[in-house]
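Scroll down for the structure; my scribbles are underneath it.
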Amino acid sequence: MISHQLPLQPARTLQALRTVWSRAQVSAPPQPLPRAQIRCLSTAVPQLTAPQLLNAAKLAKLSGACYLPENQLQGFLAGESLQLHASGRTHFTRWYGAEGIVTGDGHGLAGDRDGLGEMAHVIALRGVAWRNQESQLFRLWQDLARFWPAPFADDATEKTARLVAHTGVIEMAEEVFETLRPSIQECMQTSRKLILVGHSLGGALAVLICTLARLRLHYPASQLQCFTYGSPCVLASAADSTRTAIQVLGMRSAAIQNFVLENDPIPRAMLSVDPSFVYLKRFSAVQSLLEFRERWLGGQAIFSPKRFLYENVGDVHLILWRSRHGLQVLPLSPEEIQDQLELATGEMLARPAAAAFFSKKPHIILGSASKSRRKLLDETAKQYQFEYEARAPDIDEKVLSRQAADPSSLVLTLGRFKAAKVFQDLVNTQKVEDLQNTYLVTADQVVMFEGCIREKPEDDAQARRFIQSYSGASARTIGSCVCTSIAGGNFSEGIDVAEVYFKPFPDDLADKLIEEGSVLQCAGGLMVEHPLVAPHVDRVVGSMDSVMGLSRQMMLHLLIMAAEPRSPPPPERGQR
């Protein structure tokens, strides 16, 4: 296994794409890959075709070859129909250059739509091999610690299109670039496609070397590509630049492809979704400072609400694993990157606190009759090793819904009433001292469609109208969660919103769903996880949990807050 020496999360990035590669070879390109194996979920940016996905996976495999023992590299490349051209190492990386027709079962280069393939020169750069005794780790740490942006390639850019990059990585990239310059110039003279690939730090180096090849050597944009796997972002346009980094390079966004694993913190480092930056932004003083810097220096300023240090350069693809569908590749538009990457980061940050909470063996009661919510809690209970019981609150939701003026107020009102009903039933039948470590979770959801609130369908006819209206359209879900400490009386509540985009439905889909019956118990008749509906979901902005009726990330956060002891109110004046 090529990536056995990598840190766990980055190794999984390579392994995920290599798994796609091995599975895809069994199928028959250019037919679409089986949905159970891999899906591209978004239409906000161009989806990767099956051949493009195969090539991205093969290039990940070639990137992983940098971790092979040196005496195995040439034989490995020969098995991939590539000829080793040169190789070398520094204190921070190891690299090689190879030539050949880089194809996926004869279906062309990544990004090559005609499928004919062509000769290419591949330069692969290794990430940090922490267990390699030849690595000078202390010196490497010193280089990586110099993360503040510095001017980059200023000698080849205009004043209104300047770039900045990670100070330490700039020096690394310059060193490798000077070594590779003759090979790159030879490729340019022979009009060969140049593909730079790298994993982790190697991907960051690949982007900077790609930048230098483009700006200093004027390598043709149509002949230059870069693929990164689990790599940190280290490049951005300067604060006073009028163009993004990819625009400064004069390249199509698709020429640089970045693959990010769902919960890998490395590609999120130094971005606005960096875990440390996300945590800091929770403090009002920090948020005020960020907003001040944005007003003073503009939206491109580093250390502002939407930018920490650097930016994503090129297309970004999020690799997901779902037990129902297997591997999924989610192409992210610039508008989606913040929400989708920060979502996974927030879940990662919640895990240690959630693990500590569940280590105390709390008794969880789910106040809901929803099958979808029970399924979500089943998965959470399995993850954190706890048991729960479900109790359906007996309330008239139709009467209570008339008291709310907007969807957020409506779902919070219903969540509170459900909690009050189950709470009252518990204290009427059990002693409070027996409920010391018991927590109640209630939730509610509505669907917003074309400005109207949709609750559960009243009959088959309404359910049919709801379902048919979603065909080729989008709907928004607004869900509440209320978590209550039974003994302590503390409660925490929150709202989570998600957007679902649908492909056109077959004519008989509504009839089949109504005959089965489950959608009649769902807000808006919307049940995206249903086997008949899932194939027609184009993409989800937000979490699938939220669409299903209960954001697990929000629930964990609220449970932890409800468990915190509350300080007693200060005594009134005159009391001691």
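The values are calculated or read from the model by the stated rules, or taken from the named source; none is laboratory data. Worth saying up front: this structure is predicted, and the values here are computed from it rather than measured. Here the Cβ positions follow ideal geometry from the backbone for every residue, glycine too, while neighbour counts run over all protein chains shown. All accessible areas refer to the heavy atoms of the entire protein, side chains included, with ligands and DNA or RNA removed. Shrake-Rupley method; radii C 1.70, N 1.55, O 1.52, S 1.80 Å.
Points to keep in mind about this one:
- Some residue of the range 504-520 being within 27 Å of the chain's Cα centre (by Cα) and either open to solvent by less than 20 Å² (accessible area, probe 1.4 Å) or without any contact (Cβ under 8 Å) to a residue 24 or more places away in the chain (or both): no
- For the range 63-93, a tally of residues being surrounded by fewer than 24 Cβ atoms within 10 Å (Cβ to Cβ) and within 15 Å of residue 257 (Cα to Cα) returns 0.
- Taken over the range 431-477, the criterion of being under 24 Å from residue 497 (Cα atoms) and assigned to a loop (DSSP other than H, G, I, E, B) is satisfied by 450, 451, 455, 456, 457, 458, 470, 471, 472, 473.
- Test: residue in the range 236-255 that is within 19 Å of residue 85 (Cα to Cα) and open to solvent by 10 Å² or more (accessible area, probe 1.4 Å): no
- Answer from 531, 570 - the residue that is in a loop (DSSP other than H, G, I, E, B) and at pLDDT below 80: 570
- Selection count, the range 175-184, where residues are touching a helix residue (DSSP H, G or I) at 6+ places or on another chain (Cβ under 9 Å) and open to solvent by 50 Å² or more (accessible area, probe 1.4 Å): 1
- Filtered by the rule that a residue be out of contact with any strand residue (DSSP E or B) (no Cβ under 8 Å at 6 or more places or on another chain) and under 20 Å from residue 535 (Cβ atoms), the range 460-495 gives 463, 464, 467, 468.
- Hits in the range 414-425 - residues which are surrounded by fewer than 18 Cβ atoms within 10 Å (Cβ to Cβ) and touching a residue at least 12 places away in the same chain (Cβ under 8 Å): 421, 425
- In this structure, residue 225 does not qualify as in contact (Cβ under 8 Å) with a residue 24 or more places away in the chain, open to solvent by less than 40 Å² (accessible area, probe 1.4 Å) and closer than 16 Å to residue 332 by Cα.
- Condition met for residue 460 (surrounded by fewer than 18 Cβ atoms within 10 Å (Cβ to Cβ) and at pLDDT 90 or above): yes
- Test: residue in the range 197-205 that is modelled with pLDDT of 85 or more, open to solvent by less than 40 Å² (accessible area, probe 1.4 Å) and in contact with an Asp or Glu (Cβ under 8 Å, 6 or more places away or on another chain): no
- Per-region count, the range 187-217, residues assigned to a helix (DSSP H, G or I), free of Cβ contacts under 8 Å to residues at least 40 places away in the same chain and of a type outside the set (A, V, I, L, M): 2
- Filter result for the condition that a residue is buried (at least 21 other Cβ atoms within 10 Å of the Cβ), touching a Phe, Trp or Tyr at 6+ places or on another chain (Cβ under 9 Å) and either modelled with pLDDT under 55 or within 17 Å of residue 187 (Cβ to Cβ) (or both), over 110, 120, 98: 110
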